[in-house]
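The numbers here are math on the coordinates, done by the rules we state, and not lab data. Quick caveat: nothing in here was measured; it's all calculated off a predicted structure. Cβ coordinates were reconstructed from backbone atoms using ideal geometry, including for glycine residues, and neighbour counts include every protein chain displayed.
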Amino acid sequence: MATIKEIAELAGVSRGTVDRVLNNRGMVNPDTARKVKEIADALNYKPNRAALILSAQKKKLKLGVILFGTTNPFFDEVIIGINEKKKELEGYNCDIEVKCIPMGIDEQLEAINSLVEQGVNGIALAPYNNKRIANKINELYNMGIPVVTLNTDIENSKRIAYVGSNYNLSGKTAAGLMNIITHGKVNVGIVSGSENVMCHSQRIEGFKECIKNNYPHINIVETIYNNDDDIQSFELTSKLLKNEDINALFFVAGGVYGGCRAVISCNKEDHITSIAFDSVPTTREMIEKGLIKATICQQPKLQGSKPLDILFSYLSTGELPKEECNYVSVDICIKENINI
């Protein structure tokens, strides 16, 4: 098996330079880096994974996590997954800092900058789908700070992986459910979180696409955005339900409880068919009361733990994850199985 020493001798560089190239640490002249990689490939060099993890343990890695965590209870279970993985990684001398921030691009950029100032080696991020955030991720990548997106993805960025649902498929699943649990002419009001969160827009796109291609009797009346906030959701859904034609609601993200309270306030419990995402306690309550007929779940604990696994492995060994998009499974819960 080839060694770093042999690669260094053939490339005419130090072993430290070879180590930086093979483990993506520090700045190396591009021509030198290319030469080192070509020699390593020719020699079929394979790093000693156990030794690399031991080396990472001696260095003390620090990972950061940024979530939309102030109003959406979905992230409570994500944090459980993070804390479970945190306990495991503490044994490898790896620390984890979690920031739960309000929705806002400036707030997210501030949180990222704060983690960088604290010296994090990698970041797990639930990102806004915004050019400023994408540029920041690219800047971090060039600094040697990898980013793994979780729960929602972002376009045109150098994030090394994504962990979460296939949201277009989830939206199509929601459309199929809406077809199954309704009858006659269906007029849907869509209650979403944010126009700037990719998973919300992808769910809506999948929902609309499936309806257009398969279910002409389902009509989308209006889409509202509540920023995953129950108070906003109550107010906006109450206004939405003034349209007497609406007989179904599609809750795309957070704010489900507030939207259901609006249904109750308008005395429309028996006239509105609703479906939602996730099984947070208030959503389970609404399912048990019959206000929500079904909810689509997406393994929040895994969404919390797997990004940290990917980051730790990458920072320890320099190996990119096998899959760029790591999709979690989708489960459909109804009243009869919601508490299983």
Original post:
Taking only Cα atoms, what is the 0 to 90° angle, nearest 10, from helix 74-90's long axis to the longest principal axis of the chain?
Top reply: 20
**OP:** For a quick protection proxy, order the peptides 161-174, 7-20 by their average other-Cβ count within 10 Å, most packed first.
**Re:** 161-174, 7-20
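Where does each of 123-129, 225-231 land if you order them by average Cβ count within 10 Å, highest first?
My ranking of the peptides, most packed first, is 123-129, 225-231.
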Subject >> Global size of the chain as Cα Rg and Dmax, reported in angstrom >> reply: 23.4, 79
Original post:
With charges set only on the Cβ (+1 for Lys and Arg, -1 for Asp and Glu), what does the dipole of the chain come to about its Cα centre, in debye to the nearest 20?
Top reply: 860
**OP:** List the residues whose amide H sits under 5 Å from the amide H of Thr273, counting only those 5 or more places along or on another chain, with H placed 1.01 Å from N in the peptide plane.
**Re:** Ala248, Leu249
Subject >> Relative contact order of region 4-46, pairs being alpha-carbon contacts under 8 Å that are 6 or more residues apart, as % >> reply: 36
**OP:** State, as an integer percentage, the relative contact order of region 167-297 based on alpha-carbon contacts under 8 Å between residues 6 or more apart.
**Re:** 26
Original post:
Based on the inverse mean of 1/r over its pairs of different Cα atoms, what is the Kirkwood hydrodynamic radius of region 4-46, in Å?
Top reply: 9.9
Subject >> Least to most buried among Phe234, Phe251, Phe74 (fewest other Cβ within 10 Å first) >> reply: Phe234, Phe74, Phe251
Original post:
If you average 1/r over all unlike Cα pairs in region 201-322 and invert the result, what Kirkwood radius do you get in angstrom?
Top reply: 16.3
Original post:
Mind checking the dipole of region 4-46: about its Cα centre, +1 per Lys or Arg Cβ, -1 per Asp or Glu Cβ, Debye to the nearest 20?
Top reply: 160
Subject >> the chain: calculated mean residue ellipticity at 222 nm from DSSP helix runs of at least 4, using -39500 (n - 2.57) >> reply: -15000 deg cm²/dmol
**OP:** Report relative contact order for the chain in percent, whole number only (criteria: Cα-Cα under 8 Å, sequence separation at least 6).
**Re:** 18
